[in-house]
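Inspection log for the structure reproduced underneath, given as structure tokens.
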Amino acid sequence: MSDRRVLVLNGPNLNLLGTREPEIYGSESLAEIIDRLTVAGRELGCEIRHLQSNAEGALIDAIHDAMSWADGVVFNAGGYTHTSVALRDAISACRLPVVETHLSNVHAREEFRHRSLLAPVCLGVVAGFGSDGYRIALTGLLNHLERTGS
Ligand code: DQA
């Protein structure tokens with residue numbers, strides 16, 4: 001597999017992973033998750049660049065910026081998943097394959113989490129596998145890039 005570059009983007013409140021509702025989101029910190037993903041990425045021939053922000057605009061800017069260097073995006077938009085037209089528009093505009101990723105199974109939770117504004121413009125969705133979901137999303141994204149020769 002040739003060298004790929006992937007943006008891993010995390011949205012609001014995910015900086016609190018490890019202490020935030022661990023019964024739902026697990027006890028690993030975001031730094032630990034990203035460290036593990038970076039190692040997994042290296043083994044798959046892929047460089048990971050990570051950004052977390054609580055601000056919608058910063059997430060949009062990161063997607064715009066990724067257009068100039070990334071092959072794809074693994075994106076946990078947190079609560080913005082269910083509300084943000086602007087993030088959906090950024091995903092459509094960037095034309096990069098984006099994998100929507102959630103630690104929890106959003107469909108087994110409150111009804112307002114069942115709707116994603118982002119999913120229809122994403123390559124795929126991973127939810128319910130805890131922090132493993134990031135690696136699953138990355139593998140799916142890399143396989144897609146390989147398959148499509150992009
Ligand atoms: C989340 C699910 C969202 O509904 C929630 O708002 C989050 C985290 C997840 O990873 O399970 O902040 O994206």
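Points worth noting:
A quick yes/no check of all residues on (1) within 17 Å of GLY130 (Cα to Cα); (2) touching a residue at least 40 places away in the same chain (Cβ under 8 Å):
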position: ILE24; (1), (2): yes, yes
position: SER29; (1), (2): yes, no
position: LEU51; (1), (2): no, yes
position: ILE60; (1), (2): no, no
position: THR83; (1), (2): no, no
position: PRO97; (1), (2): no, yes
position: GLU100; (1), (2): yes, no
position: GLU110; (1), (2): no, no
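- Qualifying residues in region 13-35 (those that are of a type in the set (A, V, I, L, M, F, W, C) and near the ligand (Cβ under 10 Å from one of its atoms)) - the one surrounded by the fewest Cβ atoms within 10 Å (Cβ to Cβ): ILE24
- The residue pairs whose first member lies in region 133-147 and is in contact (Cβ under 8 Å) with a residue 24 or more places away in the chain, whose second member is of a type outside the set (S, T, N, Q) and in a helix (DSSP H, G or I), and whose beta carbons are closer than 8 Å, counting only pairs six or more residues apart or on different chains, are TYR134/ILE33; TYR134/LEU37; ARG135/ARG36; ARG135/LEU37; ARG135/ALA40; LEU138/LEU37; LEU138/ALA40; LEU138/GLY41.
- For SER116: the one exception among (1) in contact (Cβ under 8 Å) with a residue 40 or more places away in the chain; (2) over 19 Å from GLY26 (Cβ atoms); (3) surrounded by 18 or more Cβ atoms within 10 Å (Cβ to Cβ): (1)
- The number of residues in region 79-103 being surrounded by 18 or more Cβ atoms within 10 Å (Cβ to Cβ) and within 11 Å of the ligand (Cβ to nearest atom) comes to 6.
- Residue, farthest from GLU100 (Cα to Cα), within region 36-78, restricted to residues that are β-branched (Val, Ile, Thr) and within 16 Å of the ligand (Cβ to nearest atom): VAL73
Each value in this text was obtained by applying a stated rule to the coordinates, not by laboratory testing. Since we're looking at a predicted model, the values are computed, not measured. Neighbour counts run over all protein chains shown; Cβ positions are idealised from the backbone, glycine included.
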